[in-house]
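The values are calculated or read from the model by the stated rules, or taken from the named source; none is laboratory data. The model shown is predicted, which means the values in this text are computed figures rather than measured ones. All Cβ positions, even for glycine, are placed from backbone atoms using ideal geometry, and neighbour counts span all protein chains on display.
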Amino acid sequence: MLSVSVASPVTVLNRGYAGDSTEAVGELPGALNRLDTEVIEEQPDVVVVLLGANDAGVAARTDDQNAEARFEANLGTIVSRLLESGSKVLLLQ
């Protein structure tokens, strides 16, 4: 559908992992750790970021008092690095 609504070809890459968060938890690497190799190296024009729900779940399960601050810092780092690489960023909630 997207390629029909725009004038030039569009390639969509999904780099989401079910259950992943901004940082490594268990066996999942975390979005921040995967950012360079799985996203920035692809040189995307636009990156849609949807993160936070799993970070909140980890905080609730572990009663981690610093989880919110770490999520905010991690998300800020992700957005900054994407912008520095030349990508536009769309944050979803």
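Summary table
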item: Which numbered condition E38 misses (of (1) farther than 16 Å from L92 by Cα; (2) touching a Lys or Arg at 6+ places or on another chain (Cβ under 6 Å); (3) in contact (Cβ under 8 Å) with a residue 40 or more places away in the chain); result: (3)
item: Count of residues meeting criterion [surrounded by fewer than 17 Cβ atoms within 10 Å (Cβ to Cβ) and over 15 Å from D20 (Cα atoms)] in region 41-59; result: 6
item: Candidates L75, L35, L82, L91 - the one that is surrounded by 13 or more Cβ atoms within 10 Å (Cβ to Cβ) and either in contact with a Ser or Thr (Cβ under 8 Å, 6 or more places away or on another chain) or on the phi > 0 side of the Ramachandran plot (or both); result: L75
item: Cβ pairs under 7 Å, 6+ apart, first in region 80-93 and within 15 Å of L32 (Cβ to Cβ) and of a type in the set (V, I, T), second in a helix (DSSP H, G or I) and modelled with pLDDT under 95; result: none
item: Helices (runs of 4 or more DSSP H) enclosed by the chain - at least 1 residues per element that are at pLDDT 90 or above; result: 31-34, 53-62, 67-84
